[in-house]
Amino acid sequence: MRGSRGATFQSMLPVLWLVAGCAVGSAPATPDRSPFRFPADTFAFANVTLMEYEIDPVTREVSSHPRGKPPEVTLQCGAMVRAARQFYSVARFDPSAPAADAQTYEHLVREVLDTDPRHPPNQRVVIPGYHDLRDLSGAQAPLVKAMLAGPWETYLQRGNWRMIFPFRPEQQERVAGQLLDGLARGWPPIVHVLRFPERTINHLVLVFDAEQSPAEIRFHVYDPNDAERPLELVFDRGARIFSYSATSFFPGGPVKAYEVYNGWLY
Amino acid sequence: MGGSTRRRTWVALAFLMLASEGCVTGHLLDAALRREQPLSYHDALVDGDRLILGYTALVTNDAGRMVARKERRAAISLTALRRQDLPVEAFPVKHLADDAPFTGRRLAIGAEDWEGGAPGYLETEAAPDGREISFVLHDSGGGPYAPFYSSALTRTSTAPWVYPLLPLGVAADLATFPILLVFFPVMLLIGA
């Protein structure tokens, strides 16, 4: 009987491990890369929300209405941060080489986007004629936009299963440590920021730098919805909560955060 | 035998659900979470090796919305305050009763309230939203002192209205957890 109970418990352990969200993958470092740079390593265009948002400056209540014309790039925050990290880890830009034709760029971009987004691959894809991703995605915007995965990649992001479960302060503290660890290894983490079950924010961003003080850790993030400036994801060490910057759709304030595109579970 | 197996399965399922904090139960507890952080300091006294603080705390819910204000008192060790290497989460703080007596040498709050003859003052730093997020103690009787960050005084509690709802949350979790267990591998298989 004891053995049977033990066996039942043991058989449940892997599931418990998964559900508790304790499984953390560990991507290898990319020592030969310089740190992720904003704006050079980001897209020249932004992901645009499907709705237009208005934030009441006093109550901070958010209201929304449909845009007159549907945006060209929308619901693709996941696809954009994933691609930004793939370009960062795989692409080598060679501005001194002569520019190629559209077909060649299509092939090269496809090669980058087909690499494993969870691990820095060994291969390198040389992209001639441009300084960086900002340069390429500005000059070849229609091609790059067309090649990014659609909204399905964000909706079906593997780590989405985690969002429905609660996040406790000690778990958020672990996430902050995990993000610092990723940065130290030269692998900018991709983070899902949310307020589930509220729908005020449900977004993917890329963390590329951090400043630490005794009171907080200020993570600098590339938000694909803002091509102009980096935003901040701040971890309050005392309260053990994350807060996200105000954006065009979010009034700013506490969020939950966890790393995605990290290990086979996320 | 069959009944015993069913019971064991239910117990294992309940254990799993509770260990994962459950979706409904966990979010109920999150909704009831109350977080208190200092808004402004109004009393500061040095009493032996302790700095006694009186402050107004802002009580917010998990989404950061204000739900109340409270008058709080706390004591911090001056020895700890002299250390430069203590992170906020490790700073020793003693929360006192809300009506604990103020004893010791009274200090001024802010340099502008400090008279030359007074023993010292708290130099506070405010965030753009007005919250006093840190202070440095200037005291002729000791120091120098490291900045003290208000988030070390963070207190959390759970609003009592949630407790009668927990059995309902547990029941909902027990009913939905098996469905989640089925969909979880599906999400892993089709997820990008």
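The values are calculated or read from the model by the stated rules, or taken from the named source; none is laboratory data. Owing to the predicted nature of the structure, the values given are computational and were not obtained by experimental measurement. We place every Cβ from the backbone using ideal geometry, glycine too, and count neighbours over all the protein chains shown.
Counting only residues that are crowded, with 16+ Cβ neighbours inside 10 Å and under 15 Å from residue B:95 (Cα atoms), which one in the stretch B:150-164 is nearest to the other protein chains (Cβ to nearest Cβ)? Let's see the steps before the verdict.
At the first step, the residues of the stretch B:150-164 found to be crowded, with 16+ Cβ neighbours inside 10 Å are B:150-155, B:162.
Now restrict to residues that are under 15 Å from residue B:95 (Cα atoms): B:150-155.
Details: B:150: 8, B:151: 3, B:152: 5, B:153: 7, B:154: 4, B:155: 10 Å.
Taking the candidates together, the pick is B:151.
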* Here are some conditions: (1) more than 17 Å from the chain's Cα centre (by Cα); (2) touching a residue at least 60 places away in the same chain (Cβ under 8 Å). Residue B:91 meets all but one. Which one does it not meet? -> (1)
* Structure fact -> By residue number, the members of the stretch A:195-216 that are within 13 Å of chain B (Cβ to nearest Cβ), modelled with pLDDT under 95 and either buried (at least 19 other Cβ atoms within 10 Å of the Cβ) or under 18 Å from residue A:255 (Cα atoms) (or both) are A:195, A:196, A:197, A:198, A:199, A:200, A:201, A:214, A:215, A:216
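Among the helices (runs of 4 or more DSSP H) lying completely within the stretch A:113-163, list those that include at least 2 residues that are modelled with pLDDT of 95 or more and outside the structural domain of residue A:182 (by TED's automatic domain parsing). Walk me through how you get there before you give the answer.
Details: elements: A:133-139, A:141-147, A:151-155.
Hits in the stretch A:113-163: A:133-139, A:141-147.
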* To do: Determine whether residue A:99 is exposed (fewer than 15 other Cβ atoms within 10 Å of the Cβ), among the hydrophobic types (A, V, I, L, M, F, W, C) and in contact (Cβ under 8 Å) with a residue 24 or more places away in the chain.
  => yes
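Yes/no matrix, rows are residues, columns are (1) surrounded by 15 or more Cβ atoms within 10 Å (Cβ to Cβ); (2) in contact (Cβ under 8 Å) with a residue 60 or more places away in the chain; (3) in contact with a Phe, Trp or Tyr (Cβ under 8 Å, 6 or more places away or on another chain); (4) not in a loop (DSSP other than H, G, I, E, B):
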position: B:146; (1), (2), (3), (4): yes, yes, no, no
position: B:166; (1), (2), (3), (4): yes, yes, no, yes
position: B:176; (1), (2), (3), (4): yes, yes, no, yes
position: B:182; (1), (2), (3), (4): no, no, no, yes
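For residue A:89, are the conditions met, namely being at pLDDT 90 or above, loosely packed, with under 12 Cβ neighbours inside 10 Å and outside the structural domain of residue A:228 (by TED's automatic domain parsing)? Let's see the steps before the verdict.
On the way: at pLDDT 90 or above: yes; loosely packed, with under 12 Cβ neighbours inside 10 Å: no; outside the structural domain of residue A:228 (by TED's automatic domain parsing): yes.
No.
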* Structure fact -> residue A:236 meets each of (1) within 21 Å of residue A:49 (Cβ to Cβ); (2) buried (at least 19 other Cβ atoms within 10 Å of the Cβ); (3) touching a strand residue (DSSP E or B) at 6+ places or on another chain (Cβ under 9 Å) with one exception, condition (1)
* Residue that is surrounded by the fewest Cβ atoms within 10 Å (Cβ to Cβ), among those in the stretch A:29-60 that are in a loop (DSSP other than H, G, I, E, B) and without any contact (Cβ under 8 Å) to a residue 24 or more places away in the chain -> A:58
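Each row is one residue, and each column tells you yes or no for (1) at negative phi; (2) buried (at least 17 other Cβ atoms within 10 Å of the Cβ); (3) under 16 Å from the mean Cα position of the chain (by Cα); (4) away from chain A (no Cβ under 13 Å).
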| residue | (1), (2), (3), (4) |
| --- | --- |
| B:56 | yes, no, yes, yes |
| B:59 | yes, yes, yes, no |
| B:62 | yes, yes, yes, no |
| B:102 | yes, no, no, yes |
| B:124 | yes, yes, no, yes |
| B:138 | yes, yes, no, yes |
* Asked: Are there any pairs with C-beta distances below 7 angstrom linking a residue in the stretch B:21-32 that is within 16 Å of residue B:179 (Cβ to Cβ) to a residue that is part of a helix (DSSP H, G or I) and of a type in the set (S, T, N, Q), with the two at least 6 apart or on different chains, and if so which?
  -> B:23/B:176
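Do we have residue A:140 as of a type in the set (S, T, N, Q) and surrounded by fewer than 12 Cβ atoms within 10 Å (Cβ to Cβ) here? Working first, answer last.
Working: of a type in the set (S, T, N, Q): yes; surrounded by fewer than 12 Cβ atoms within 10 Å (Cβ to Cβ): no.
Criteria not met by residue A:140.
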